[in-house]
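First the structure, in the form of structure tokens, and then the observations on it.
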Amino acid sequence: MIRLLVHLAALPFCLTELPQNSVHQTPTALIKHAGEVVVMNCSHSNTNFDMIQWYKQSAGKNDMVLVGYVRFTSLVVEDQFKDTYSVSGNGGSLAGLHIPTLRGSEDSAVYFCAASKAQCCTNPDVCDKNPH
């Protein structure tokens, strides 16, 4: 039986508006077996923020990939993750990331949540969903 480590870390985006400890992610770490259900939660208390994003950093990788986000009642999962992940919440204060059936090493990663004020992008060519 494979054991997977799913590590979680909160990632505040706007440090000038949100103290670093104001974004909370639970649980802080998980060890699960393939086939099990995983539910991660993220919350914040900044009333200026209306969006929570979920990022995945796979083992041995430096980059984080946007899995999905919650903005008000809009629940969005990126195309490459739609068959594996789902999101829930309101974005204004809480969001969840769900893995209904944990796969093998594909899902073993560090998952970050981040809170921010949503910004609309009118030119998709200049929008970058993944932080550098």
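Does N130 count as at pLDDT below 60 and either of a type in the set (D, E, K, R) or surrounded by 10 or more Cβ atoms within 10 Å (Cβ to Cβ) (or both)? If you could, list the steps in order and put the result at the bottom.
On the way: at pLDDT below 60: yes; either of a type in the set (D, E, K, R) or surrounded by 10 or more Cβ atoms within 10 Å (Cβ to Cβ) (or both): yes.
The answer is yes for N130.
Quick one: I52 ticks every box in (1) in contact with a His (Cβ under 8 Å, 6 or more places away or on another chain); (2) of a type in the set (A, V, I, L, M); (3) free of Cβ contacts under 8 Å to residues at least 60 places away in the same chain bar one, so which box is it?
Of the numbered conditions (1) in contact with a His (Cβ under 8 Å, 6 or more places away or on another chain); (2) of a type in the set (A, V, I, L, M); (3) free of Cβ contacts under 8 Å to residues at least 60 places away in the same chain, the odd one out for I52 is (3).
Of the residues that sit in segment 31-48 and are in contact with a His (Cβ under 8 Å, 6 or more places away or on another chain) and surrounded by fewer than 18 Cβ atoms within 10 Å (Cβ to Cβ), which one is farthest from G89 (Cα to Cα)?
Among them, the one singled out is V37.
Where in segment 32-105 are the strands (runs of 3 or more DSSP E), entirely inside, with at least 3 residues that are aliphatic (A, V, I, L, M)? Reasoning before the result, please.
Working: elements: 38-44, 51-58, 65-71, 74-77, 86-89, 94-99.
Output list reads 38-44, 65-71, 74-77, 94-99.
With V67, V87 as the choices, which residue is surrounded by 16 or more Cβ atoms within 10 Å (Cβ to Cβ), touching a helix residue (DSSP H, G or I) at 6+ places or on another chain (Cβ under 9 Å) and not aromatic (F, W, Y)? Walk me through how you get there before you give the answer.
Details: V87 fails: touching a helix residue (DSSP H, G or I) at 6+ places or on another chain (Cβ under 9 Å).
Result of the check over V67, V87: V67.
Contact list please: Cβ distance under 6 Å, first residue in segment 93-109 and touching a residue at least 12 places away in the same chain (Cβ under 8 Å) and aliphatic (A, V, I, L, M), second residue surrounded by fewer than 16 Cβ atoms within 10 Å (Cβ to Cβ) and assigned to a strand (DSSP E or B), pairs at least six apart or on different chains.
Matching pairs, first to second residue: A109/S58.
Within segment 48-62, how many residues are within 10 Å of the chain's Cα centre (by Cα) and among the charged types (D, E, K, R)?
Matching residues across segment 48-62 total 1.
So which residues in segment 91-127 are surrounded by 11 or more Cβ atoms within 10 Å (Cβ to Cβ), at pLDDT below 90, under 19 Å from M51 (Cβ atoms) and not hydrophobic (A, V, I, L, M, F, W, C), if there are any at all?
Across segment 91-127, the qualifying residues are G91, G92, S116, K117.
The values are calculated or read from the model by the stated rules, or taken from the named source; none is laboratory data. In this text the structure is predicted, and so the values were computed from the model without any measurement. No Cβ is skipped: glycine too gets one built from the backbone with ideal geometry, and neighbour counts run over all protein chains shown.
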